[in-house]
1. Normalised by the number of residues in the range 173-400, what is the relative contact order in percent for Cα pairs under 8 Å and 6+ residues apart?
2. Given a cut-off of under 8 Å on Cα pairs at least six residues apart, what relative contact order in percent is computed for the range 433-488?
3. What number comes out for the charge environment of residue 469, summing +1 per Lys or Arg and -1 per Asp or Glu over other residues with Cβ under 14 Å away?
4. Just need the relative contact order of the range 2-162 here, percent rounded to a whole number, with Cα pairs under 8 Å and 6+ apart.
5. What is the sum of charges around residue 37, taking Lys and Arg as +1, Asp and Glu as -1, for the other residues whose C-beta is under 14 Å from the C-beta of residue 37?
6. Under 10 Å from the Cβ of residue 306, count the other residues' Cβ atoms, weight Lys and Arg +1, Asp and Glu -1, and hand me the total.
7. Just rank 360, 342, fewest to most, by other beta-carbon atoms within 10 angstrom.
8. Under a plain spin-label model, where a point goes 7 Å from the Cα along Cα-to-Cβ, how far apart in nm are residue 195 and residue 294?
Amino acid sequence: MRFLESKTMQQDLLANENGWREIPNFITSREGKKINTGGNVWNLPYAIDTTSSKLDFSKIPNEDLNWVLKSFIIEKIEKVSTHAGLQHFQDIWAKFFRTNVEIISCAQDIEETLILVVEKAINLAREQKKLWALYRPIQWYLYGAEHYPELGFSTAYASILETMSIPGNPKGEAVRIEDPDSGPLNHSLELPLLIQALKKDQSQEFEHLQEKAAIALSIAYGRNPANLTYLRHSDLVNLTPKSDDPIYVLRVPRIKKRLVNPRDDYIEEFLDPAFAEYIHNLIKANNETNTILYHEGKNLPNPQPIFLNTKGNKAAILSGDYDNAYNFSSSMITFLIKGFVRRHNIISPLTKELMHVSARRLRYTLATGLAAEGISKAALARILDHTDTQHVQVYFELAGKIVIQLDKAIAKGFSQYLSYFTGHIIDSSKDAINGDNSEKYLVFKGEKIEDEIEDIGVCGESSICHLDPPFSCYLCPKFQPYRHADHEYVLESLLNSRNERLEKYENARLGIQLDEVIFAVAQVAEACKKEYV
């Protein structure tokens, strides 16, 4: 204790002599939130990440370094954002302190020891090709050398660090390498499984309604989970309330734009009525919960977030950020998405394992799909809420690769995981709806003149069908294929003409739609074969 007191006295003396700012008991963040900084544990008003919103400076083994780190983090919180302060603390702790606590605690010469710690971190980062991850920790060292060299920071070493070329975060690397666990979902094989599960899900359980809303919004917009946590009931707007055909927009709060508050600015996005229904159902369920939170004997007003945290946001409550006390954290949105996949047991045809789905992967999926359809870079940047087009280039690099290579074996192999065919297999026209109407009989003929005509089934649609037979028939729930028909012939014909069609269309979206037909035909062919065995 005597040592700590002497250290504190020494810091106070240096602060007085050099005109340093003392560590205050309270600060005000750039967002206007009051933060208690009087001790070693700070509860930050950071509702989107409740697990790491607490900064524990008692872990820093040296009192001088502790003091400089506090000063640095305060500057980030006050001048940049609470998020910036949190990220800087996490990175500095992870790269410089976590594995060096004992070395720093026992240091006879803290300046020399700190240089060794930084050099060790640099060498490790170079080996791992992650030098970019040291940007924030090195900024802290440069800050210490500029403002507090007396506390163990070498100005000479800092001048060397300043000359280092630190690359930026390799954005889009998971997209570029098409990682099956972290890159975009496959548009033909994986994304449809997610959408089918969403359409079939009739559960009205509260958490399941939250899952469906999280999946729908992530597919529709590709936004970060943090965007979703700030959504409120009032953000869903019907522009045509008196019309039978509603037009919905969702006011999506912006993040990472150096705004004082994420709800200070919005982007209005159109929302498909089918997806809006998931939000309506969740809003109705929210209202029925009648959730009221209390803190220190007082009830907290509910601003009605779409994703309602019925247990309360611990980080917001402890820090006095009551406007966000009912908000989800980002990790809770991620938990909903993963919970939906687990509940439906969605298996990826590519990995043969439970599909790994996250908001980030759905963002990549949306972007690569739009790039493949020919959207401009400027338009894609706007949809993803990027301030410029430099970050969307990677999606265009991948655009031509999202249509997979297919042959008969691959098509049949994947078809067992897919559910493109939703019709009913019949033995003859006598078993079919419209079986007595010859105009509803369906045939298939290959593109060559000498190709034979094959009876494939009966259309069960009672009214006029507006689809494009016979290709679209296999995707239609009212299609009734014959069990005895040669669906293998249809499959082979489609596969043989596939490459020619892809070159003709020059549009990846049409290529994906063709593959959906191929998978549906393969599914029917396999189902008929199994029933004959």
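1. It comes to 27 percent, rounded to a whole number.
2. Values: 70 pairs, mean separation 18.9, N = 56.
The value is 34 percent.
3. Details: positive: 440, 445, 478; negative: 439, 454, 455, 461, 468.
Local charge sum for residue 469: -2.
4. Details: 167 pairs, mean separation 27.1, N = 161.
Computed value for the range 2-162: 17 percent relative contact order.
5. Neighbour charge sum, excluding residue 37 itself: +2.
6. Charge balance in the 10 Å sphere: 0.
7. Least crowded to most crowded, the residues run 342, 360.
8. According to this spin-label approximation, the distance is 4.8 nm.
No lab work stands behind these numbers, since they all come straight from the coordinates. Quick caveat: nothing in here was measured; it's all calculated off a predicted structure. No Cβ is skipped: glycine too gets one built from the backbone with ideal geometry, and neighbour counts run over all protein chains shown.
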